[in-house]
Amino acid sequence: MANVVRMFLNPALLLSLKTGLSLGRKAKKSGGKKKISKAERLKRLQEEEERREKEEEEARLKHEKEEMERLEIQRIENEKWQQLEAKHLERRNEELEELYSLEGCFLEAEKLKRETRLLSQWEHYVQCDGSPDPSVSQEINTFVSLWKEETNETFEKVIVKSKLVLRLIDKLKLTLLETTLYDFQSKNTQYQGSILELQELLHLKFNKATEILLRQASTLADLDSGNMEKIIQDETVTLHMWANLKKNPRYRSVRFSETQTGFEIPRILATSDIALRLLHTHYDHVTPLNPVPTSLQEHTSTVSPRVKEGIKNVDAAISEEFQEESKQENESNSVHEEDINVEEQCDMEVQTSSIQEECETTECDPEMKSLSEMLSAVYLCLITGISAKNSKAQLLLIENVPEKPYYFEDNEVDLYQFSTLGGVYHLDILELPPQCKPMKGWMIVEILKEGLQKYTYPPETTEEYDTENAFPPIEVTLEVQKNVIFFEDPKVARWDAEGKHWKTDGISSVSYKSEERLITFSLETFGPVTLLQETHINMPFQSWELTPLDGSNVLLMVTTVFTELQIQIKENLCMLASIKLNDKKHSSILEGKWMTPISFIIALKEAGLNIFPSGHSHFYVVINHKVPLVEMKAYRQMALLSSAFAFSWSRWNMLCDSKHVIIKVREHLTEEEPIQNPDWDLLMFSGERAGRLRIDEYSEAFSEALKEDSEFHSTLYHMVKDFASEEAMEKIRNSNCQLIDSVCHMLFSTRLLSYS
């Protein structure tokens, strides 16, 4: 055993064993590797090259085949498209004639409105109730003169008379909005002059009544404070009057009983013979009827001869159009004779497009750009008959000035961007007039010749006072009108009598409590004050839908960031059916009240629910601009179909160009049960051609490809006719003309296709 161990531990033996093992491994390894010959390597390379060439050839043949198939499909599509084009052109005149026949309802509706106005004038004449006809300047002048002669009227009597004056002013404003463009040129000055005269007279009467009330301040003094406090409240006017009879320097907080309205006055006012008046008129007679920015007042006085000549041509075109219309009406009462034929329409469209192209291709000055837009808009109205058939307000809705031609000075309120809401708060510090004194059963009072005088605060000469401490800003707390909706904290503005505009300087420490509807701020000097809200706070709209209802009614639903409005339309009337604020139902005094479209729009604006763009709105809102002519035709034809078809907002309308509009449409007969997830068709309309798109609202990408087995038509009416039931088409042909006209007016006023 020991010999065996020694043998394995012998170093020489171990070395020989290791050498033998390593030689064995090398022999085994060299025996497993196979050497590739040069010929075999060349053969493999040749096979690889042949395989690559074969794959390239197959790919080329496949590409050629696919290209041939694509070209064949394109050829078939082009042939099909050409056939559709040829078919479209072949029946275009026939479809347009049928459309013009249907659009005769707009003329019929205008005749009914004209008859209604004449009947209203006749009823006013027959009543003989002593109230003047606001459209007759002689009657307005007589009314103003007679009321000026009346003296010693109490505040209560003036309020009663003011209701008649407010009705007259509203009628004049409504008449201006309903007046056609041609008549507007001649009546605008007369009516606006009458409105201003009535407004000034009403304010003068309130001042006279205030003077009479203050003369009796001592007899109306409160037993506790010794000062006079008087509140007179009505639907349109609220008066808060406080007379400082005791002149107690410690009595510096004025709070009217049962209200939170009041003032924090400085010591100098607490010891002066003054009266504080807060006259809250729920209407705004301070803001000019046609506000002009300061920067534009000088510009308008230097209009170039080229623009004057352009305006002259516009007036001539409108005058000629009206004369032609009157001539046609005298010759025949036929609707077809009052319409513009296809050839005339095409000529006018060419003139419109040429004006726009000339201004786009040449670097004309801003005045000529504005003029071209105005001329284009007028031609646009002449094409569709809108200038003669609808109000001037609708004309302004389709105007887009290419450049912003004005700016506002520092602290001057942009009345195109902001709107006054809740009326005007007339804040005045008045000198207390001599008080009535009883003497031997008589009341004797000294009447000052100069009448009611305002107390100047701060005084013009303040050398003897420490101005900073003696005349601090006066803190005012006001109650916000309950019928007005503010979606954000209101801005406070004061009236600058010298500049004739609202300003935001001189106002500090503004605080608004939305739940209590109280606003507190500090004023450096008293005067008219108003609350402002962003005019376009509800624009652009998030979505909209137009749906027919039972009883020949139509429901227009507009959804904005803050609210959802449901407007019901029947014949020539509109009503606020429902309003939601932050997905919660909100009550409004306008709900359930039927009004004419123009009156309804005014009421919504005054309530803070402005969803009606103006001619300047595109400066303040990012809009989905559409060509005015396309937009106009779409609204008119949507109104024609509104009694049997529902229309809705489509997200693809933002992705197509400005020459097209895309809307969702589906047949909706009111007898059917409401559908949870209705199937909509997508229609693309260019004003000249309508097509039914292959994509739906949830497609991944936009495409103008037409739906299979569909064609294009010249009108939306003939487009939906392809897939509509006979019952629906019969309902459209028998639709009420006033309903169609009212729906069209609301679509024009909201401009859903551009502001959604």
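Nothing in this text is a laboratory measurement; each read-out follows from the coordinates by a stated rule. None of the values given here were measured: they were computed from a predicted structure. We place every Cβ from the backbone using ideal geometry, glycine too, and count neighbours over all the protein chains shown.
Label 7 Å along Cα→Cβ of residue 219; the stretch 118-159 residues with amide nitrogen under 13 Å?
154
Given the pairs 157/482; 230/500; 157/500; 482/580; 205/482, which are separated by over 19 angstrom at their Cα positions? If you can, show how the numbers build up before the last one.
Values: 157/482 25 Å; 230/500 31 Å; 157/500 30 Å; 482/580 16 Å; 205/482 26 Å.
Result: 157/482; 230/500; 157/500; 205/482 exceed 19 Å.
Can you give the three extents of the C-alpha atoms in the stretch 679-739 along their principal axes, from longest to shortest, in whole Å?
40, 25, 23
For the stretch 107-173, compute the orientation-averaged projected area of the C-alpha convex hull (one quarter of its surface), in nm². Don't skip to the answer; put the middle values down first.
Details: hull surface 22.0 nm².
Result: a mean projected hull area of 5.5 nm².
Cα atoms only: what Rg and Dmax, in Å, come out for the stretch 592-733?
Radius of gyration, then largest Cα-Cα span, for the stretch 592-733: 16.8, 50 Å.
For the stretch 155-226, which chymotrypsin sites (Phe, Trp or Tyr not before Pro) are both in a DSSP coil and crowded by at most 13 other Cβ atoms within 10 Å? Let's see the in-between values first.
Working: sites: 155, 182, 184, 191, 206; in loops: none.
Hits after loop and neighbour filter: nothing returned.
From the backbone phi of the stretch 48-55, what are the Karplus-calculated ³J(HN,Hα) couplings (6.51 cos²θ - 1.76 cosθ + 1.60, θ = phi - 60°) in whole Hz, Gly and Pro given as x?
So the J values, rounded to whole Hz, are 4, 5, 5, 5, 5, 5, 5, 5.
Restricting attention to the stretch 407-462, which chymotrypsin sites (Phe, Trp or Tyr not before Pro) occupy a DSSP loop and are surrounded by at most 12 other Cβ atoms within 10 Å?
Details: sites: 407, 408, 416, 418, 425, 442, 455; in loops: 407, 408, 416, 455.
Within the stretch 407-462, the qualifying chymotrypsin sites (Phe, Trp or Tyr not before Pro) (loop, at most 12 other Cβ atoms within 10 Å) are 407.
Using only the alpha-carbon atoms of the stretch 206-260, report the extent along each of the three principal axes, biggest first, to the nearest angstrom.
Principal-axis extents of the stretch 206-260 (Cα, largest first): 34, 26, 17 Å.
If each residue of separation counts as 0.36 nm, what is the full-extension length gain between residue 698 and residue 247 once their alpha-carbon separation is subtracted?
On the way: separation 451, 0.36 × 451 = 162.36 nm, distance 7.39 nm.
Taking 0.36 nm per residue and subtracting the Cα distance, the gain is 155.0 nm.
Just to be sure I follow: if Rg is taken over the C-alpha atoms of the stretch 523-595 and Rh is the Kirkwood radius over the same atoms, what is Rg/Rh? The partial results should precede the final answer.
Numbers: Rg = 16.3 Å, Rh = 14.3 Å.
Here the Rg-to-Rh quotient is 1.13.
Using only the Cα atoms of the stretch 489-627, what semi-axes does the equivalent ellipsoid have when each is the square root of 5 times a gyration tensor eigenvalue? Give whole Å, largest first. Please report the intermediate quantities before stating the final value.
Numbers: eigenvalues 218, 64, 47 Å².
That gives 33, 18, 15 Å for the three semi-axes.
Output the peptides 559-569, 501-511 sorted from most to least packed, where packing is the average of other Cβ atoms within 10 Å over each peptide's residues. Please list the in-between numbers first.
Numbers: 559-569: 18.9, 501-511: 15.6.
Descending mean neighbour count gives 559-569, 501-511.
If you rank 420, 219 by fewest surrounding Cβ atoms within 10 Å, what's the result? Before the final figure, lay out each step's value.
Values: 420 20, 219 12.
Fewest to most other Cβ atoms nearby, the residues stand as 219, 420.
Which lysines, on any chain, are close to residue 35 with Cα under 26 Å apart, when same-chain ones fewer than 8 places away are left out?
26, 43
Can you give the direction-averaged projected area of the convex hull of the alpha-carbon atoms in the stretch 567-668, in nm²? Kindly include the intermediate steps, with their values, before the conclusion.
Details: hull surface 32.5 nm².
With every direction weighted equally, the projected area is 8.1 nm².
Please state the Cα pair-distance histogram of the stretch 123-241 with 5 angstrom bins from zero: what percent is in each bin?
The percentages, shortest bin first, are 2, 10, 18, 18, 16, 12, 9, 6, 4, 3, 2, 1, 0.
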